[in-house]
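Reviewing the structure listed below.
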Number of protein chains: 2
Amino acid sequence: MTEEKKPHHHGALREALIAAGIRLLEQGGPDALTLRRCAALAGVSHAAPAHHFDGLAGLKLAIADEGFRRFRDCMLTAEAQGDPSPRGRLKGICRGYLAFARANRAMFHLLFGYEMSAPHHGGVPDAARVGYDVLSRCCAPFVSPGSDPRAIEIQVWSLIHGYASLSLAGRIGPDDPALFEQVLALLDRVGNAS
Amino acid sequence: MTEEKKPHHHGALREALIAAGIRLLEQGGPDALTLRRCAALAGVSHAAPAHHFDGLAGLKLAIADEGFRRFRDCMLTAEAQGDPSPRGRLKGICRGYLAFARANRAMFHLLFGYEMSAPHHGGVPDAARVGYDVLSRCCAPFVSPGSDPRAIEIQVWSLIHGYASLSLAGRIGPDDPALFEQVLALLDRVGNAS
DNA sequence: CAAGGAAACTTGACAGCGTCAAGATGGCAT
DNA sequence: ATGCCATCTTGACGCTGTCAAGTTTCCTTG
(Lines give C-alpha, C1' and ligand atoms only; values in the text may rest on other atoms or scores of the structure.)
Protein backbone atom coordinates (compact mmCIF):
# COMPACT_ATOMS: atom_id res chain seq x y z
CA MET A 1 0.00 0.00 0.00
CA THR A 2 2.74 2.45 0.85
CA GLU A 3 4.79 1.05 -1.97
CA GLU A 4 7.57 3.19 -3.33
CA LYS A 5 8.33 3.08 -6.99
CA LYS A 6 11.84 1.78 -6.58
CA PRO A 7 12.06 -0.36 -9.70
CA HIS A 8 14.78 -2.41 -8.18
CA HIS A 9 16.14 -2.27 -4.68
CA HIS A 10 13.13 -2.35 -2.49
CA GLY A 11 15.09 -0.34 0.03
CA ALA A 12 13.41 -1.51 3.17
CA LEU A 13 12.65 -5.04 2.16
CA ARG A 14 13.92 -6.54 5.37
CA GLU A 15 11.51 -4.55 7.52
CA ALA A 16 8.70 -5.10 5.03
CA LEU A 17 9.21 -8.85 5.19
CA ILE A 18 9.18 -8.84 8.98
CA ALA A 19 6.00 -6.76 9.00
CA ALA A 20 4.41 -9.09 6.46
CA GLY A 21 5.38 -12.08 8.55
CA ILE A 22 3.81 -10.60 11.66
CA ARG A 23 0.63 -9.88 9.74
CA LEU A 24 0.48 -13.43 8.40
CA LEU A 25 1.11 -14.74 11.89
CA GLU A 26 -1.74 -12.71 13.31
CA GLN A 27 -4.19 -13.54 10.58
CA GLY A 28 -3.48 -17.19 9.90
CA GLY A 29 -1.47 -18.65 12.72
CA PRO A 30 2.02 -20.15 12.58
CA ASP A 31 1.30 -22.24 9.48
CA ALA A 32 0.46 -19.11 7.51
CA LEU A 33 3.96 -17.74 8.04
CA THR A 34 5.66 -18.62 4.80
CA LEU A 35 8.65 -17.22 2.98
CA ARG A 36 6.80 -17.10 -0.29
CA ARG A 37 3.76 -15.43 1.21
CA CYS A 38 5.90 -12.83 2.95
CA ALA A 39 7.63 -12.13 -0.33
CA ALA A 40 4.32 -11.80 -2.15
CA LEU A 41 2.98 -9.47 0.52
CA ALA A 42 6.06 -7.32 0.18
CA GLY A 43 5.74 -7.33 -3.59
CA VAL A 44 8.96 -9.16 -4.40
CA SER A 45 9.78 -12.50 -5.92
CA HIS A 46 9.72 -15.69 -3.92
CA ALA A 47 13.47 -15.95 -3.61
CA ALA A 48 14.14 -12.37 -2.57
CA PRO A 49 14.00 -13.01 1.19
CA ALA A 50 17.03 -15.26 0.94
CA HIS A 51 19.21 -12.16 0.59
CA HIS A 52 18.05 -10.75 3.92
CA PHE A 53 17.52 -13.79 6.13
CA ASP A 54 19.10 -17.16 6.56
CA GLY A 55 16.13 -19.08 5.23
CA LEU A 56 12.80 -19.41 6.97
CA ALA A 57 14.49 -19.96 10.30
CA GLY A 58 16.29 -16.67 9.95
CA LEU A 59 13.08 -14.81 9.19
CA LYS A 60 11.42 -16.35 12.21
CA LEU A 61 14.36 -15.27 14.32
CA ALA A 62 14.01 -11.70 13.09
CA ILE A 63 10.27 -11.75 13.72
CA ALA A 64 10.87 -13.13 17.20
CA ASP A 65 13.30 -10.30 17.81
CA GLU A 66 10.57 -7.77 17.14
CA GLY A 67 8.09 -9.91 19.07
CA PHE A 68 10.21 -9.95 22.19
CA ARG A 69 10.44 -6.20 22.11
CA ARG A 70 6.67 -5.83 21.89
CA PHE A 71 6.33 -8.41 24.61
CA ARG A 72 8.53 -6.38 26.94
CA ASP A 73 6.60 -3.19 26.13
CA CYS A 74 3.36 -4.96 27.00
CA MET A 75 4.74 -5.93 30.40
CA LEU A 76 6.09 -2.44 31.05
CA THR A 77 2.71 -0.92 30.22
CA ALA A 78 0.91 -3.27 32.58
CA GLU A 79 3.47 -2.61 35.28
CA ALA A 80 2.86 1.13 35.08
CA GLN A 81 -0.92 0.79 35.13
CA GLY A 82 -1.45 -0.93 38.47
CA ASP A 83 -0.52 -0.67 42.11
CA PRO A 84 2.98 0.84 42.32
CA SER A 85 4.00 -1.29 45.30
CA PRO A 86 6.61 -3.99 44.66
CA ARG A 87 3.99 -6.72 44.92
CA GLY A 88 1.62 -4.76 42.70
CA ARG A 89 4.28 -4.22 40.07
CA LEU A 90 5.17 -7.89 40.10
CA LYS A 91 1.56 -8.87 39.53
CA GLY A 92 1.31 -6.11 36.94
CA ILE A 93 3.92 -7.58 34.67
CA CYS A 94 2.26 -10.96 35.06
CA ARG A 95 -1.00 -9.48 33.84
CA GLY A 96 0.89 -7.94 30.95
CA TYR A 97 2.45 -11.33 30.24
CA LEU A 98 -0.94 -12.98 29.98
CA ALA A 99 -2.44 -10.10 28.04
CA PHE A 100 0.29 -10.32 25.43
CA ALA A 101 -0.09 -14.06 25.09
CA ARG A 102 -3.84 -13.75 24.61
CA ALA A 103 -3.58 -10.89 22.15
CA ASN A 104 -0.75 -12.48 20.16
CA ARG A 105 -1.30 -16.22 20.23
CA ALA A 106 0.79 -17.16 17.23
CA MET A 107 3.60 -14.76 18.12
CA PHE A 108 3.70 -16.13 21.66
CA HIS A 109 4.02 -19.63 20.28
CA LEU A 110 6.81 -18.48 18.03
CA LEU A 111 8.66 -16.84 20.91
CA PHE A 112 8.56 -19.90 23.14
CA GLY A 113 7.92 -22.77 20.75
CA TYR A 114 10.11 -25.43 19.32
CA GLU A 115 11.68 -23.12 16.75
CA MET A 116 13.49 -21.06 19.35
CA SER A 117 14.22 -23.96 21.64
CA ALA A 118 16.11 -26.09 19.18
CA PRO A 119 19.87 -26.37 19.62
CA HIS A 120 19.64 -24.59 16.36
CA HIS A 121 21.55 -21.35 15.97
CA GLY A 122 23.14 -21.65 19.34
CA GLY A 123 20.18 -20.29 21.17
CA VAL A 124 17.62 -17.66 21.77
CA PRO A 125 17.74 -14.21 20.17
CA ASP A 126 19.24 -11.47 22.28
CA ALA A 127 15.94 -9.63 22.46
CA ALA A 128 14.60 -12.38 24.72
CA ARG A 129 16.89 -10.93 27.33
CA VAL A 130 15.07 -7.62 27.62
CA GLY A 131 11.96 -9.40 28.83
CA TYR A 132 13.86 -11.23 31.50
CA ASP A 133 15.37 -7.98 32.69
CA VAL A 134 11.91 -6.61 33.42
CA LEU A 135 11.07 -9.74 35.36
CA SER A 136 14.34 -9.63 37.22
CA ARG A 137 13.88 -6.03 38.25
CA CYS A 138 10.39 -6.67 39.59
CA CYS A 139 11.56 -9.69 41.52
CA ALA A 140 14.50 -7.94 43.12
CA PRO A 141 12.57 -6.50 46.09
CA PHE A 142 11.67 -10.03 47.19
CA VAL A 143 15.12 -11.52 47.01
CA SER A 144 16.61 -11.84 50.46
CA PRO A 145 20.15 -10.39 50.52
CA GLY A 146 22.86 -12.85 49.70
CA SER A 147 20.58 -15.44 48.15
CA ASP A 148 20.36 -16.36 44.49
CA PRO A 149 17.79 -14.17 42.73
CA ARG A 150 17.22 -16.86 40.13
CA ALA A 151 15.14 -18.98 42.48
CA ILE A 152 12.43 -16.38 42.86
CA GLU A 153 12.68 -15.23 39.26
CA ILE A 154 12.12 -18.72 37.95
CA GLN A 155 9.30 -19.31 40.42
CA VAL A 156 7.46 -16.26 39.15
CA TRP A 157 8.31 -16.87 35.52
CA SER A 158 7.27 -20.50 35.66
CA LEU A 159 3.95 -19.64 37.25
CA ILE A 160 2.96 -16.96 34.78
CA HIS A 161 4.41 -18.68 31.75
CA GLY A 162 2.66 -21.90 32.68
CA TYR A 163 -0.65 -20.16 33.13
CA ALA A 164 -0.31 -18.30 29.85
CA SER A 165 0.68 -21.43 27.94
CA LEU A 166 -2.07 -23.56 29.39
CA SER A 167 -4.59 -20.84 28.81
CA LEU A 168 -3.60 -20.55 25.17
CA ALA A 169 -3.69 -24.32 24.83
CA GLY A 170 -7.28 -24.30 25.96
CA ARG A 171 -6.52 -26.32 29.06
CA ILE A 172 -7.96 -23.84 31.55
CA GLY A 173 -11.28 -23.30 29.86
CA PRO A 174 -12.75 -19.92 29.03
CA ASP A 175 -11.12 -16.72 30.20
CA ASP A 176 -11.67 -16.45 33.95
CA PRO A 177 -10.05 -13.34 35.50
CA ALA A 178 -11.04 -14.41 38.99
CA LEU A 179 -9.23 -17.71 38.62
CA PHE A 180 -6.17 -15.93 37.27
CA GLU A 181 -6.10 -13.63 40.27
CA GLN A 182 -6.35 -16.66 42.55
CA VAL A 183 -3.34 -18.17 40.82
CA LEU A 184 -1.52 -14.87 41.06
CA ALA A 185 -2.28 -14.88 44.78
CA LEU A 186 0.46 -17.45 45.10
CA LEU A 187 2.86 -14.61 44.47
CA ASP A 188 1.87 -13.14 47.84
CA ARG A 189 3.78 -16.02 49.38
CA VAL A 190 6.83 -15.62 47.25
CA GLY A 191 10.08 -14.34 48.71
CA ASN A 192 10.69 -13.62 52.36
CA ALA A 193 8.04 -15.62 54.19
CA SER A 194 6.33 -13.12 56.43
CA MET B 1 11.51 -54.99 10.50
CA THR B 2 8.83 -57.32 11.86
CA GLU B 3 6.97 -57.04 8.60
CA GLU B 4 4.39 -59.65 7.87
CA LYS B 5 3.93 -60.83 4.33
CA LYS B 6 0.35 -59.69 4.10
CA PRO B 7 0.19 -58.88 0.38
CA HIS B 8 -2.68 -56.55 0.97
CA HIS B 9 -4.32 -55.51 4.20
CA HIS B 10 -1.55 -54.54 6.52
CA GLY B 11 -3.75 -55.60 9.41
CA ALA B 12 -2.45 -53.29 12.08
CA LEU B 13 -1.55 -50.32 9.95
CA ARG B 14 -3.09 -47.81 12.27
CA GLU B 15 -0.95 -48.85 15.21
CA ALA B 16 2.10 -49.16 12.98
CA LEU B 17 1.63 -45.61 11.73
CA ILE B 18 1.31 -44.25 15.25
CA ALA B 19 4.44 -46.11 16.32
CA ALA B 20 6.29 -44.82 13.28
CA GLY B 21 5.15 -41.30 14.05
CA ILE B 22 6.42 -41.51 17.61
CA ARG B 23 9.74 -42.81 16.38
CA LEU B 24 10.08 -40.00 13.88
CA LEU B 25 9.15 -37.52 16.58
CA GLU B 26 11.83 -38.83 18.89
CA GLN B 27 14.53 -38.99 16.28
CA GLY B 28 13.92 -35.87 14.24
CA GLY B 29 11.67 -33.52 16.17
CA PRO B 30 8.25 -32.23 15.18
CA ASP B 31 9.27 -31.41 11.62
CA ALA B 32 10.23 -35.02 11.00
CA LEU B 33 6.70 -36.18 11.68
CA THR B 34 5.32 -36.56 8.19
CA LEU B 35 2.49 -38.58 6.73
CA ARG B 36 4.67 -39.84 3.91
CA ARG B 37 7.52 -40.80 6.19
CA CYS B 38 5.19 -42.63 8.53
CA ALA B 39 3.77 -44.49 5.58
CA ALA B 40 7.24 -45.39 4.32
CA LEU B 41 8.29 -46.57 7.76
CA ALA B 42 5.21 -48.76 7.94
CA GLY B 43 5.91 -50.10 4.47
CA VAL B 44 2.83 -48.76 2.74
CA SER B 45 2.20 -46.20 0.05
CA HIS B 46 2.09 -42.51 0.78
CA ALA B 47 -1.68 -42.24 0.60
CA ALA B 48 -2.47 -45.23 2.79
CA PRO B 49 -2.69 -43.27 6.06
CA ALA B 50 -5.65 -41.33 4.74
CA HIS B 51 -7.81 -44.40 5.32
CA HIS B 52 -7.01 -44.49 9.04
CA PHE B 53 -6.67 -40.86 10.06
CA ASP B 54 -8.24 -37.60 9.10
CA GLY B 55 -5.15 -36.22 7.46
CA LEU B 56 -1.99 -35.21 9.26
CA ALA B 57 -3.97 -33.51 11.99
CA GLY B 58 -5.77 -36.77 12.69
CA LEU B 59 -2.52 -38.69 12.95
CA LYS B 60 -1.13 -36.12 15.35
CA LEU B 61 -4.26 -36.43 17.43
CA ALA B 62 -3.85 -40.20 17.62
CA ILE B 63 -0.18 -39.83 18.53
CA ALA B 64 -1.08 -37.29 21.20
CA ASP B 65 -3.59 -39.75 22.59
CA GLU B 66 -0.83 -42.28 23.14
CA GLY B 67 1.50 -39.55 24.35
CA PHE B 68 -0.91 -38.37 27.03
CA ARG B 69 -1.18 -41.93 28.33
CA ARG B 70 2.59 -42.27 28.60
CA PHE B 71 2.71 -38.85 30.22
CA ARG B 72 0.29 -39.93 32.92
CA ASP B 73 2.22 -43.15 33.49
CA CYS B 74 5.39 -41.14 33.96
CA MET B 75 3.73 -39.00 36.62
CA LEU B 76 2.28 -42.03 38.39
CA THR B 77 5.67 -43.69 38.49
CA ALA B 78 7.31 -40.61 39.96
CA GLU B 79 4.50 -40.27 42.48
CA ALA B 80 5.07 -43.80 43.74
CA GLN B 81 8.82 -43.41 44.00
CA GLY B 82 9.08 -40.56 46.51
CA ASP B 83 7.81 -39.49 49.90
CA PRO B 84 4.28 -40.89 50.33
CA SER B 85 3.03 -37.83 52.22
CA PRO B 86 0.53 -35.60 50.39
CA ARG B 87 3.16 -32.93 49.87
CA GLY B 88 5.69 -35.53 48.75
CA ARG B 89 3.28 -37.03 46.25
CA LEU B 90 2.45 -33.63 44.87
CA LYS B 91 6.10 -32.87 44.31
CA GLY B 92 6.55 -36.37 42.94
CA ILE B 93 4.17 -35.87 40.05
CA CYS B 94 5.86 -32.56 39.34
CA ARG B 95 9.19 -34.34 39.05
CA GLY B 96 7.54 -36.86 36.75
CA TYR B 97 6.10 -33.99 34.72
CA LEU B 98 9.53 -32.49 34.17
CA ALA B 99 11.15 -35.85 33.57
CA PHE B 100 8.67 -36.66 30.83
CA ALA B 101 9.14 -33.29 29.17
CA ARG B 102 12.92 -33.69 29.18
CA ALA B 103 12.85 -37.27 27.90
CA ASN B 104 10.23 -36.57 25.23
CA ARG B 105 10.82 -33.07 23.98
CA ALA B 106 9.02 -33.33 20.68
CA MET B 107 6.11 -35.27 22.12
CA PHE B 108 5.72 -32.71 24.89
CA HIS B 109 5.57 -29.96 22.31
CA LEU B 110 2.99 -31.92 20.38
CA LEU B 111 0.84 -32.42 23.48
CA PHE B 112 0.79 -28.75 24.46
CA GLY B 113 1.69 -26.95 21.25
CA TYR B 114 -0.31 -25.03 18.75
CA GLU B 115 -1.67 -28.14 17.08
CA MET B 116 -3.75 -29.14 20.06
CA SER B 117 -4.64 -25.63 21.07
CA ALA B 118 -6.27 -24.55 17.85
CA PRO B 119 -10.04 -24.23 17.83
CA HIS B 120 -9.55 -27.04 15.45
CA HIS B 121 -11.40 -30.29 16.11
CA GLY B 122 -13.32 -28.81 18.97
CA GLY B 123 -10.56 -29.31 21.43
CA VAL B 124 -8.12 -31.48 23.21
CA PRO B 125 -8.15 -35.29 22.96
CA ASP B 126 -9.89 -37.11 25.76
CA ALA B 127 -6.63 -38.67 26.90
CA ALA B 128 -5.47 -35.27 28.11
CA ARG B 129 -8.02 -35.71 30.88
CA VAL B 130 -6.26 -38.64 32.49
CA GLY B 131 -3.25 -36.48 33.25
CA TYR B 132 -5.36 -33.82 34.89
CA ASP B 133 -7.03 -36.45 37.04
CA VAL B 134 -3.66 -37.38 38.53
CA LEU B 135 -2.95 -33.74 39.28
CA SER B 136 -6.38 -33.22 40.72
CA ARG B 137 -6.08 -36.19 43.04
CA CYS B 138 -2.71 -35.04 44.36
CA CYS B 139 -4.00 -31.53 44.94
CA ALA B 140 -7.11 -32.65 46.79
CA PRO B 141 -5.47 -32.84 50.26
CA PHE B 142 -4.63 -29.15 50.05
CA VAL B 143 -8.03 -27.89 49.03
CA SER B 144 -9.81 -26.33 51.99
CA PRO B 145 -13.35 -27.74 52.24
CA GLY B 146 -15.94 -25.80 50.36
CA SER B 147 -13.50 -23.94 48.15
CA ASP B 148 -12.94 -24.40 44.45
CA PRO B 149 -10.25 -27.04 43.86
CA ARG B 150 -9.39 -25.50 40.52
CA ALA B 151 -7.51 -22.62 42.10
CA ILE B 152 -4.88 -24.85 43.65
CA GLU B 153 -4.83 -27.24 40.72
CA ILE B 154 -4.09 -24.46 38.28
CA GLN B 155 -1.49 -22.97 40.61
CA VAL B 156 0.41 -26.23 40.71
CA TRP B 157 -0.12 -27.01 37.05
CA SER B 158 0.98 -23.56 35.94
CA LEU B 159 4.12 -23.72 38.04
CA ILE B 160 5.29 -27.10 36.81
CA HIS B 161 4.15 -26.64 33.24
CA GLY B 162 5.85 -23.28 33.07
CA TYR B 163 9.09 -24.66 34.43
CA ALA B 164 9.01 -27.61 32.05
CA SER B 165 8.24 -25.41 29.04
CA LEU B 166 10.89 -22.85 29.86
CA SER B 167 13.41 -25.55 30.55
CA LEU B 168 12.73 -27.16 27.18
CA ALA B 169 12.92 -23.78 25.51
CA GLY B 170 16.41 -23.33 26.89
CA ARG B 171 15.42 -20.33 28.96
CA ILE B 172 16.58 -21.70 32.29
CA GLY B 173 20.03 -22.76 31.23
CA PRO B 174 21.48 -26.19 31.81
CA ASP B 175 19.70 -28.78 33.92
CA ASP B 176 19.92 -27.63 37.55
CA PRO B 177 18.12 -29.99 39.96
CA ALA B 178 18.80 -27.70 42.90
CA LEU B 179 17.10 -24.79 41.17
CA PHE B 180 14.15 -26.99 40.31
CA GLU B 181 13.75 -28.02 43.93
CA GLN B 182 13.85 -24.36 44.95
CA VAL B 183 11.04 -23.65 42.54
CA LEU B 184 9.14 -26.66 43.81
CA ALA B 185 9.56 -25.27 47.30
CA LEU B 186 6.85 -22.79 46.41
CA LEU B 187 4.47 -25.71 46.65
CA ASP B 188 5.12 -25.81 50.39
CA ARG B 189 3.13 -22.61 50.59
CA VAL B 190 0.26 -23.81 48.49
CA GLY B 191 -3.13 -24.53 50.02
CA ASN B 192 -4.15 -23.76 53.57
CA ALA B 193 -1.76 -21.11 54.79
CA SER B 194 -0.27 -22.51 58.00
C1' DC C 1 33.92 10.80 -15.19
C1' DA C 2 34.03 6.03 -16.52
C1' DA C 3 34.64 1.11 -15.33
C1' DG C 4 34.09 -2.57 -12.59
C1' DG C 5 32.33 -5.17 -8.95
C1' DA C 6 29.23 -6.01 -5.28
C1' DA C 7 24.66 -6.21 -3.72
C1' DA C 8 19.62 -6.80 -4.65
C1' DC C 9 16.34 -9.03 -7.00
C1' DT C 10 14.23 -12.32 -10.72
C1' DT C 11 13.53 -16.52 -13.02
C1' DG C 12 13.56 -21.32 -13.19
C1' DA C 13 14.17 -25.66 -11.34
C1' DC C 14 14.12 -29.44 -7.84
C1' DA C 15 12.58 -32.48 -4.11
C1' DG C 16 9.39 -33.05 -0.43
C1' DC C 17 5.01 -32.12 1.55
C1' DG C 18 -0.53 -32.91 2.24
C1' DT C 19 -4.36 -34.06 -0.28
C1' DC C 20 -7.58 -35.61 -3.72
C1' DA C 21 -9.28 -38.84 -7.56
C1' DA C 22 -9.34 -43.31 -9.72
C1' DG C 23 -8.10 -47.81 -10.12
C1' DA C 24 -6.71 -52.41 -8.28
C1' DT C 25 -7.01 -56.05 -4.81
C1' DG C 26 -8.28 -58.82 -1.13
C1' DG C 27 -11.70 -60.41 2.52
C1' DC C 28 -16.34 -61.12 3.92
C1' DA C 29 -21.19 -61.50 3.93
C1' DT C 30 -24.92 -62.84 1.41
C1' DA D 1 -20.28 -68.32 -6.05
C1' DT D 2 -21.17 -63.48 -6.29
C1' DG D 3 -20.99 -58.92 -5.18
C1' DC D 4 -19.79 -55.40 -2.14
C1' DC D 5 -16.72 -52.73 0.58
C1' DA D 6 -12.80 -51.51 3.06
C1' DT D 7 -7.99 -51.27 2.12
C1' DC D 8 -4.23 -49.99 -0.37
C1' DT D 9 -1.74 -48.19 -4.82
C1' DT D 10 -0.78 -45.02 -8.37
C1' DG D 11 -0.74 -40.61 -10.20
C1' DA D 12 -1.51 -35.93 -10.11
C1' DC D 13 -2.00 -31.09 -8.21
C1' DG D 14 -0.50 -27.01 -5.79
C1' DC D 15 2.21 -25.46 -2.16
C1' DT D 16 6.50 -25.24 0.40
C1' DG D 17 11.91 -24.10 1.13
C1' DT D 18 16.08 -23.91 -1.24
C1' DC D 19 19.57 -23.66 -4.71
C1' DA D 20 21.72 -22.01 -9.28
C1' DA D 21 22.11 -18.72 -12.75
C1' DG D 22 21.00 -14.57 -14.89
C1' DT D 23 19.67 -9.51 -14.73
C1' DT D 24 19.50 -5.05 -12.95
C1' DT D 25 20.97 -1.31 -9.98
C1' DC D 26 23.98 1.10 -7.05
C1' DC D 27 28.40 2.38 -5.27
C1' DT D 28 33.10 2.43 -5.16
C1' DT D 29 37.42 2.86 -7.17
C1' DG D 30 40.70 4.20 -10.47
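Scan B:ALA50, B:ALA62 and give me the residue that is at pLDDT 95 or above, in contact with a helix residue (DSSP H, G or I) (Cβ under 6 Å, 6 or more places away or on another chain) and within 15 Å of DNA strand D (Cβ to nearest atom). Steps first, answer last, please.
Values: B:ALA50 fails: in contact with a helix residue (DSSP H, G or I) (Cβ under 6 Å, 6 or more places away or on another chain).
Sole residue among the options that is at pLDDT 95 or above, in contact with a helix residue (DSSP H, G or I) (Cβ under 6 Å, 6 or more places away or on another chain) and within 15 Å of DNA strand D (Cβ to nearest atom): B:ALA62.
For region A:58-72: of the residues being basic (Lys, Arg) and touching a residue at least 40 places away in the same chain (Cβ under 8 Å), which is surrounded by the fewest Cβ atoms within 10 Å (Cβ to Cβ)? Can you show your working first?
Quick first cut of region A:58-72, residues basic (Lys, Arg) only: A:60, A:69-70, A:72.
Within this subset, residues satisfying the condition of being touching a residue at least 40 places away in the same chain (Cβ under 8 Å) are A:60, A:69, A:72.
Numbers: A:LYS60: 23, A:ARG69: 13, A:ARG72: 22.
Ranking the qualifying residues of region A:58-72, first place goes to A:ARG69.
From (1) within 11 Å of chain B (Cβ to nearest Cβ); (2) closer than 22 Å to B:GLY173 by Cα; (3) modelled with pLDDT of 95 or more, pick out the condition that doesn't hold for A:ALA106.
Single failed check for A:ALA106: (2).
Go through region B:136-175 and give me each residue that's more than 11 Å from chain A (Cβ to nearest Cβ) and either buried (at least 20 other Cβ atoms within 10 Å of the Cβ) or over 27 Å from B:ASP65 (Cβ atoms) (or both).
Answer for region B:136-175, where residues must be more than 11 Å from chain A (Cβ to nearest Cβ) and either buried (at least 20 other Cβ atoms within 10 Å of the Cβ) or over 27 Å from B:ASP65 (Cβ atoms) (or both): B:CYS138, B:CYS139, B:PRO141, B:PHE142, B:VAL143, B:SER144, B:PRO145, B:GLY146, B:PRO174, B:ASP175.
With B:GLY82, B:GLY55 as the choices, which residue is within 14 Å of chain A (Cβ to nearest Cβ), more than 12 Å from DNA strand D (Cβ to nearest atom) and either free of Cβ contacts under 8 Å to residues at least 24 places away in the same chain or among the charged types (D, E, K, R) (or both)? If you could, list the steps in order and put the result at the bottom.
On the way: B:GLY82 fails: within 14 Å of chain A (Cβ to nearest Cβ).
Exactly one residue qualifies, and that residue is B:GLY55.
If you go through region B:178-191 one residue at a time, do you hit one that is more than 7 Å from chain A (Cβ to nearest Cβ), under 30 Å from A:ARG129 (Cβ atoms) and of a type in the set (Phe, Trp, Tyr)?
Yes, because at least one residue in region B:178-191 is more than 7 Å from chain A (Cβ to nearest Cβ), under 30 Å from A:ARG129 (Cβ atoms) and of a type in the set (Phe, Trp, Tyr).
The values are calculated or read from the model by the stated rules, or taken from the named source; none is laboratory data. The structure presented is a predicted model; accordingly, all values stated were derived computationally and were not measured. Positions of Cβ are generated from backbone atoms using ideal geometry, with glycine treated the same way; all protein chains shown enter the neighbour counts.
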